[in-house]
Structure formats: C-alpha cells, structure tokens
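All remarks here apply to the structure that follows.
The values are calculated or read from the model by the stated rules, or taken from the named source; none is laboratory data. The model shown is predicted, which means the values in this text are computed figures rather than measured ones. Note: ideal-geometry Cβ built from the backbone for every residue, glycine included; neighbour counts use all protein chains shown. In case anyone asks, the SASA skips ligands and DNA or RNA and just uses the protein heavy atoms, side chains included. Shrake-Rupley method; radii C 1.70, N 1.55, O 1.52, S 1.80 Å.
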Amino acid sequence: MANDINLKRGKWGGGTRAVELPAECPHPVPDVPANRAHWADWQRERWAGIWGGPAAVLYDDSQIGAVALLVDLEAAQASGSLQAAQLTEYRRLLADLLLTPQALSGAGFRLPGWPS
C-alpha cells in the first residue's frame, strides 16, 4: 500500500516534484471496439471509467487494445476463470496504464489532494 512518504517522493523518483493530473479526463471516451460488442453493461461502464479517469489524459488511440484487454481480464476474474499467466498480465496492464497509485507516483504524477 502506498503511504504519504511514497506518494511524496514517488516509487522510483529521486524526490522530484510530481506533475498533477486532473481528477477526470476531459477528452471524449472512445467507442467500445467493434469486437467487444458482446460486453455486459458493467464492462462498458468500466471502459468509460478508465477512459474518464485521470491517467487517460496521457492515453492516445494506441491504448484502446490494452484497455479492452484489461476489461476482458477483469471479466475473466469475475467469472473465476482467470489463470495465473493472465493475472500477471492484468497486473502489468494496471501498472502500464497508470491505474494504481504506485504506478502514477512512480511515473512522476500525482492526483489532486495527494501530498506534495
């Protein structure tokens, strides 16, 4: 779990000041990929939540596939069919997409209200 000290200095940072991201992404949410038309409502909500979150200001269209895969892996976890290798990929995607506090602070970013 991240604590105030780790958030202040960043996981790998040398004490440099973090760039504050907005609390929500102002950009429009991309359409769900056509090959994900079968998604349930909660998966579509998760898609919109990720694209509306603070880290999404750093995304471009090249992240569409990664976000879709993340939502698919969360569905597999919810159904109890997530395998060990998929869990590793899921954790990597969370970090790569800056969806955890540790990944955000480690990349030199912070959210409003975080310690400076």
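Data overview
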{"quantity": "Gain upon complete extension [V29, E89; 0.36 nm per residue less C-alpha separation]", "calculated": "19.2 nm"}
{"quantity": "In Å², nearest 10: area of E89 left accessible to a 1.4 Å probe", "calculated": "60 Å²"}
{"quantity": "Selected from D96, D61, D72 as most flexible by GNM, with the chain as the system and alpha-carbon contacts under 10 Å", "calculated": "D61"}
{"quantity": "Unit charges at the beta carbon, dipole of the chain: most positive-side option, G113, Q86, P33", "calculated": "G113"}
{"quantity": "Cβ-derived FRET efficiency at R0 35 Å, R17 paired with L82, nearest 0.05", "calculated": "0.40"}
{"quantity": "Solvent-free Debye scattering, log10 I(q)/I(0), computed from the Cα coordinates of the chain at q = 0.10, 0.16, 0.22 Å⁻¹", "calculated": "-0.33, -0.80, -1.21"}
{"quantity": "Helix-only CD estimate at 222 nm, as mean residue ellipticity for the chain, using -39500 (n - 2.57) per DSSP H run (n ≥ 4)", "calculated": "-13500 deg cm²/dmol"}
